[in-house]
Every structure is written in structure tokens, then in C-alpha cells.
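The structure under discussion appears below in the form of C-alpha cells.
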Amino acid sequence: MKQLVFFTFLPAFLLACGESDPPSSNGSSGTGATGGSSAAGGTAGATTGGSGGSGGAGAGTGGTAAGTGGTSAGTGGTAAGTGGSSGAAGGSMCASTVVVQAPSNYTFASNISLTPVTIGPNNPEVTFDWSGLTTDFVGQTTSPTADIDSVSVIIFSLTLAEFEEHLNADDDMLGMFNQGALQLITNNTLTASAMADFGVPGTPENTYRTSPDVQEAIDDYLDPMQTDPAEHTFVVMPSEGDVPGSGSRMVQVFTVDPTSTNDMVMIPSSMKVAPGSNGHTGGTEGPAMTVTYDVDLEALTPIAVPAATPAITIDWRQLMTNGLGRPWISRSLNRALVGRYTQSLTELEDQFLDLETLSEDIYSIDIPSDDPISLAGAVSEAGVPFPGVDGDGVWVLALFCDPDYCGNPAPWYLTILEPCP
């Protein structure tokens with residue numbers, strides 16, 4: 001059997017974040033603040049700052065409130081000892097530098113189930129049709145042409161049950177079972193195509209019709225005598241963007257059935273379900289894919305920050321677990337979002353899949369590294385700078401993992417920002 005070029009990318013919500021170096025230690029660097037007479041740490045993170053002090057290992061002599069040093073008083077460690085410059089263990093202190101910790105984070109859990117279709121054997125002319133994909137797997141409006149830049153087909157050496165198990169476990173193991181892939185560039189015009197016209201990712205000219213190697217591989221995969229249908233699952237994914245496996249808008253699984261004559265795989269839409277109707281906070285249902293989720297925003301401890309202050313610095317380096325209950329992996333974030341909502345927390349939970357479209361007052365900023373970022377650089381889609389928070393509505397801060405690496409589009413960290421009383 002000749003295999004297709006091995007393909008390790010998976011759609012954004014299928015991926016688990018790649019392992020990296022562990023997060024840096026929590027504020028142990030530096031020799032402490034020499035203090036002097038500034039006592040800046042008193043207002044930015046400690047109530048016991050006094051007139052400076054002798055520093056100490058991490059952040060000065062500020063006691064348990066948050067350390068007199070922090071990032072505002074001399075050289076007292078990048079993470080401000082055990083408290084951080086905002087005293088962020090519970091978010092009750094008021095400071096423009098926020099060292100976020102677990103009590104301020106939300107919780108999120110989701111589950112995906114897939115419904116397969118069967119196709120007949122030995123038929124490279126099997127056609128994939130995504131013309132009916134008008135809402136994606138999270139219920140967002142989708143154009144089958146304008147929003148679908150590419151379509152990928154991947155074969156896994158897994159049963160459907162095994163594929164779903166790894167998918168929902170987000171265990172970074174699906175790539176181990178990836179047997180090969182094909183990709184079609186749609187040019188935003190195609191809404192259907194035969195497998196024989198799909199090419200190898202990176203070399204789209206190599207198709208079943210043009211390459212003997214691709215022809216041999218596809219013939220083997222579609223032949224029940226060569227590839228056991230009971231042990232293999234095909235996945236087809238229309239996607240936004242042409243990076244293989246990134247930006248998936250729907251997943252349809254299919255298998256080869258020696259008794260089937262079907263030569264068409266229709267890729268349908270999913271629709272949102274009413275909050276609580278499926279026993280969960282919310283989700284979507286569809287012929288191909290069903291998603292349920294549970295989210296809790298009300299149990300978190302909000303963070304108090306100065307009102308009307310755009311220059312709020314966010315430091316997440318003390319977090320060890322993300323909101324999905326999985327280990328925090330360093331250098332995985334790529335974007336921060338802060339937005340104002342008129343909805344209540346319960347309404348935001350019910351409409352969580354629409355978080356980025358519920359309000360026009362949303363500001364985002366790229367995260368290039370694990371260094372703390374200032375929200376002063378956040379802008380709206382129209383280029384309007386973030387004005388700082390006020391007492392009007394609910395202000396949400398969310399940190400997202402890079403979708404090219406991470407297994408779930410839900411934020412890794414999400415909290416509520418409130419103006420200081």
C-alpha cells in the first residue's frame with residue numbers, strides 16, 4: 001500500500017496544544033525591591049508598603065497583601081512574589097497591573113458526537129457537496145462559497161467510537177492515527193467536488209487523475225480488501241482559510257461499506273438548540289455533528305481595575321490550569337479580547353457560542369509571547385481603541401489559545417472586569 005504524504009494537521013477544535021516548556025516560576029526572580037522612598041508598591045499592589053524597604057526575594061517586604069514590590073516598586077520580580085501587583089489571588093485589590101489566578105477564571109466543558117454516512121467501495125469519484133452548509137458546527141451563519149476556502153479529507157486508523165473518544169479527550173493523540181490526507185482549494189466558487197480532484201496538501205496538482213502515487217493510495221484506502229472499513233474512519237472538513245486543518249466549519253465522518261452504492265457525501269448544517277433543552281447550558285444539533293457545552297461565569301471572582309483606564313496590564317504566568325480543566329501550556333496564547341455586554345451573566349452563558357458577535361464594543365489584541373500585555377493596544381474591528389472599563393454593562397476579558405495548535409475554540413481564560421468602587 002502506498003500512503004499519501006503524512007499529514008499531521010487537524011481542524012482547530014480537534015487539535016490539542018503542543019507541549020512546550022513549562023510555565024515560568026511564580027515570581028521568584030529578582031532580588032526584591034530596594035524601595036527607596038517611592039513606595040509605589042503601596043498603591044499598585046500592597047497596603048503595607050510604607051516608605052520602601054529592603055526588598056527580599058521576589059517583591060520587597062510588603063507582607064501578605066501582595067508584596068510591596070511587584071512590577072511597580074523597583075526590581076522586585078517579574079511576577080511580584082506571591083501576590084502580584086494587583087493582589088490577584090481573588091481580584092479584590094484595584095490596580096492597573098493584574099496578575100490573574102485561578103479563582104477569577106470561568107469553567108467550560110463540551111462534548112462532540114458525530115454521525116457517519118457510508119459510501120460504496122472502490123469509487124474515487126465519490127462526491128462531497130457542501131452547498132447546504134449555511135450554518136457551521138457552532139451555529140454561525142456560513143456561506144458555502146465566501147466562507148469555504150478549502151476542504152480537507154483525512155483517513156484515521158480508528159473506529160468512529162475511538163475517534164470521538166480522542167476528540168473529546170483532547171489528548172493530543174489523533175495525529176498518531178492519521179494515515180493521510182487530501183485537500184481541495186475551492187477558490188470560493190466550488191460547492192462540490194469528486195475525491196479524484198482533491199490534491200495532496202502543498203502540492204494540489206498531485207491528484208488521483210494526475211499522480212500514480214496518489215491514485216494507488218486512494219485505491220487502497222477505498223478498497224475494503226486493503227483497508228479494513230471497521231478500523232478506519234474518513235473525515236471531510238470544509239474550512240475557512242487554506243492552511244490544512246485550520247478553520248474547520250463542519251466535520252462529516254464517513255466509512256466504506258462494501259454493500260453500499262452511495263456515491264455522494266452531503267455536508268449539512270448544524271442549528272443551535274434552546275438553552276437547557278438538552279440538559280446542558282447550550283449547544284448545536286445537526287445530521288453530521290452535535291455539540292453540547294456547559295459554562296459557568298457566575299462562580300468566578302471578578303477582577304477590580306481602575307475605571308476608564310486602557311493601560312491595564314494582564315499577566316497570566318501564574319495560571320497552572322485553563323478554564324477547560326487542562327494544564328496550562330506556556331507560549332500557547334495568541335489573542336486577548338475585552339468587550340462590554342448588555343446581557344446578564346446567565347444570558348451570556350446561554351449565548352456563549354456567540355460571545356464574539358453579541359456586542360459591537362469588542363476590542364482585541366494579539367499576544368506575541370508569554371510576556372504580560374497592556375490592553376491599551378486593544379482595538380475594535382473598526383480600529384477604535386479600548387477606552388477602559390466603566391460601570392455600564394458587563395465587561396469580559398478572554399484569553400485565547402492559538403487555533404492552529406489548540407483543541408477547543410473556547411477561551412483558556414475568561415473573567416469579568418469591574419471598575420474599582
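The values are calculated or read from the model by the stated rules, or taken from the named source; none is laboratory data. Everything numeric here is computed off the predicted structure, so don't read it as measured data. For neighbour counting, all protein chains shown are included, and Cβ atoms are generated from backbone atoms with ideal geometry for every residue, glycine included.
Comparison of SER260, SER277 shows that the only residue that is surrounded by fewer than 21 Cβ atoms within 10 Å (Cβ to Cβ), among the small types (Gly, Ala, Ser) and either under 24 Å from LEU158 (Cα atoms) or assigned by TED's automatic domain parsing to the domain that holds ASP219 (or both) is SER260. When we screen ILE365, ILE329 for residues that are buried (at least 18 other Cβ atoms within 10 Å of the Cβ) and under 17 Å from THR415 (Cβ atoms), the only hit is ILE365. In the set (1) over 19 Å from the mean Cα position of the chain (by Cα); (2) of a type in the set (Ser, Thr, Tyr); (3) surrounded by fewer than 16 Cβ atoms within 10 Å (Cβ to Cβ), the condition left unmet by SER113 is number (1).
The single condition from (1) of a type in the set (S, T, N, Q); (2) at pLDDT below 95; (3) part of a strand (DSSP E or B) that SER277 fails is (3). Looking only at region 308-326, residues that are hydrophobic (A, V, I, L, M, F, W, C), surrounded by 16 or more Cβ atoms within 10 Å (Cβ to Cβ) and at pLDDT 95 or above come to 4 in all.
For GLY180, the conditions (1) in contact with a Ser or Thr (Cβ under 7 Å, 6 or more places away or on another chain); (2) under 18 Å from SER248 (Cβ atoms); (3) not in a loop (DSSP other than H, G, I, E, B) all hold with the exception of (1). For region 222-229, the criterion of a residue being within 26 Å of SER131 (Cβ to Cβ) and either over 33 Å from the mean Cα position of the chain (by Cα) or surrounded by 21 or more Cβ atoms within 10 Å (Cβ to Cβ) (or both) is satisfied by at least one position.
Here is a yes/no grid of residues against (1) exposed (fewer than 14 other Cβ atoms within 10 Å of the Cβ); (2) outside any loop (DSSP other than H, G, I, E, B):
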position	(1), (2)
LEU300	no, no
ALA304	no, yes
GLN343	no, no
GLU349	no, yes
ALA382	yes, no
LEU397	no, yes
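Taking the criterion of being closer than 21 Å to CYS406 by Cβ and either touching a helix residue (DSSP H, G or I) at 6+ places or on another chain (Cβ under 9 Å) or free of Cβ contacts under 8 Å to residues at least 24 places away in the same chain (or both), the residues of region 301-328 that qualify are ILE314, GLN318, LEU319, MET320, THR321, PRO327.
For region 122-139, the tally of residues that are surrounded by fewer than 17 Cβ atoms within 10 Å (Cβ to Cβ) and touching a helix residue (DSSP H, G or I) at 6+ places or on another chain (Cβ under 9 Å) stands at 3.
Given PRO268, PRO244, PRO238, which one is assigned by TED's automatic domain parsing to the domain that holds GLU125, over 12 Å from ILE119 (Cβ atoms) and part of a strand (DSSP E or B)?
Exactly one residue qualifies, and that residue is PRO238.
This table checks each residue for (1) touching a strand residue (DSSP E or B) at 6+ places or on another chain (Cβ under 7 Å); (2) free of Cβ contacts under 8 Å to residues at least 40 places away in the same chain; (3) of a type in the set (Gly, Ala, Ser); (4) outside any helix (DSSP H, G or I).
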residue: ARG331; (1), (2), (3), (4): no, no, no, yes
residue: LEU337; (1), (2), (3), (4): yes, no, no, yes
residue: SER359; (1), (2), (3), (4): yes, yes, yes, yes
residue: TYR363; (1), (2), (3), (4): yes, yes, no, yes
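Here ILE155 clears all of (1) surrounded by fewer than 19 Cβ atoms within 10 Å (Cβ to Cβ); (2) within 17 Å of VAL265 (Cβ to Cβ); (3) among the hydrophobic types (A, V, I, L, M, F, W, C) except the condition numbered (1).
Could you list, in sequence order, the residues of region 400-421 that are assigned to a loop (DSSP other than H, G, I, E, B) and surrounded by fewer than 21 Cβ atoms within 10 Å (Cβ to Cβ)? If the condition is that a residue be assigned to a loop (DSSP other than H, G, I, E, B) and surrounded by fewer than 21 Cβ atoms within 10 Å (Cβ to Cβ), then ASP402, PRO403, ASP404, TYR405, PRO409, CYS420, PRO421 are the ones that fit. Inspect region 290-299 for any residue being touching a helix residue (DSSP H, G or I) at 6+ places or on another chain (Cβ under 7 Å), closer than 22 Å to ARG249 by Cβ, modelled with pLDDT of 95 or more and aliphatic (A, V, I, L, M) and give the result as yes or no. Among the residues of region 290-299, at least one is touching a helix residue (DSSP H, G or I) at 6+ places or on another chain (Cβ under 7 Å), closer than 22 Å to ARG249 by Cβ, modelled with pLDDT of 95 or more and aliphatic (A, V, I, L, M), which makes the answer yes. Filter region 202-214 for residues that are in contact (Cβ under 8 Å) with a residue 40 or more places away in the chain and part of a helix (DSSP H, G or I); which is surrounded by the most Cβ atoms within 10 Å (Cβ to Cβ)? Of everything passing the filter in region 202-214, VAL214 is surrounded by the most Cβ atoms within 10 Å (Cβ to Cβ). Here is the figure for region 384-395: residues that are under 15 Å from GLY339 (Cβ atoms) and surrounded by fewer than 22 Cβ atoms within 10 Å (Cβ to Cβ) total 8. Residues that are modelled with pLDDT under 95, touching a Ser or Thr at 6+ places or on another chain (Cβ under 8 Å) and not hydroxyl-bearing (Ser, Thr, Tyr) are absent from region 142-159. Select from region 327-362 the residues that are of a type in the set (Gly, Ala, Ser) and at pLDDT 95 or above and list them in ascending order. Once the filter is applied, which keeps residues that are of a type in the set (Gly, Ala, Ser) and at pLDDT 95 or above, region 327-362 yields ALA336, GLY339, SER344.
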